Amino acid sequence: MKYVGSDRTITLSYENHQTAEDYAGAMSSPLCLKGTFKVVKTVTKYKVHEDSINYNQFLSNQQNWKRNGGYQCTTITGKSLFVPSDELSGNCVIVEGYVNGQKYQIGLHHMENVYVQVGDVIQDEKVLGTQGNTGLVLSGKALTDRTYGTHVHVEVKDANGNYINPRPFASGEMVLSLEEDAQSKEDLQEPPKSDKEKETIEGILLFTCPLDDTYFLKLQKGEKLYLVKPTS
Ligand SMILES: [Zn+2]
């Protein structure tokens, strides 16, 4: 099954993960989502790990490994690895879009590379980055498995900030579009502007005041200036 653009399998379901779903595939495989949407956040500063942390070992040592600023872990190959709290979800891309007028945010975490920037509008399943193992990546895999637990942690939040099941977005069943799509349809239905509104201007007006100095009247975006003819 194709999830987040490539052949991946669900390794931790939303029912068990509760705030997200994990999809495992090949390290460095491309990540994309269907639809048109905006990039609202990226984190790119973390490096991939040489190996990951055994899931069961983490659970049994979680309290011992916990430090003020993160987790002092032992990796699958026995190395010491400190993962600071702010690094837990690793490199990520968070995008925002709409389905049926409802806003959603989708986050892809533990990424290796990030190819997009905040403010980018993404479409045509452009590759957002690659799957990696940055952050705290737990693995139930054997030492000999060189994938080292690489996976994509996918989180989806609705407009109220509540986590929802990411699977329809990961599989491409739900497709994001831009808010502007809905907005432009509304604009078309807007009644024609009155003559009074047409006379309003936006910008900078230069005028000379009686004190013989030049002043600028500056209008902020959205502010209106009405020009009125003297009535007498
Ligand atoms: Zn996860």
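Net charge of the neighbourhood of Tyr104, taken over other residues with C-beta under 9 Å away and scored Lys/Arg +1, Asp/Glu -1, is 0.
Note that region 161-167 has calculated 3J(HN,Hα) couplings of x, 8, 6, 10, 4, x, 4 Hz, one per residue in order, obtained from phi through the Karplus relation 6.51 cos²θ - 1.76 cosθ + 1.60 (θ = phi - 60°); glycine and proline are x.
Reported to two decimal places, what Rg/Rh ratio describes region 2-182 when computed on Cα atoms with Rh from the Kirkwood expression? Don't skip to the answer; put the middle values down first.
On the way: Rg = 16.3 Å, Rh = 16.6 Å.
So for region 2-182, dividing Rg by the Kirkwood Rh gives 0.98.
Using DSSP to define loop residues, name the trypsin sites (Lys or Arg not before Pro) in region 5-99 whose beta-carbon has at most 16 other beta-carbon atoms within 10 Å.
For trypsin sites (Lys or Arg not before Pro) across region 5-99 that sit outside H, G, I, E and B with at most 16 neighbouring Cβ atoms in 10 Å, the list reads Lys45, Lys47, Lys79.
Across region 52-64, coupling constants 3J(HN,Hα) worked out from phi with the 6.51/-1.76/1.60 Karplus curve, θ = phi - 60°, read 10, 10, 5, 4, 5, 4, 4, 4, 7, 10, 3, 5, 5 Hz, and Gly and Pro carry x.
Here, each number is a calculation from the coordinates, and none is a lab measurement. Keep in mind the model is a prediction, meaning the values are calculated, not measured. Quick reminder, even Gly has a Cβ in these numbers, built from the backbone with ideal geometry, and neighbours come from all protein chains shown.
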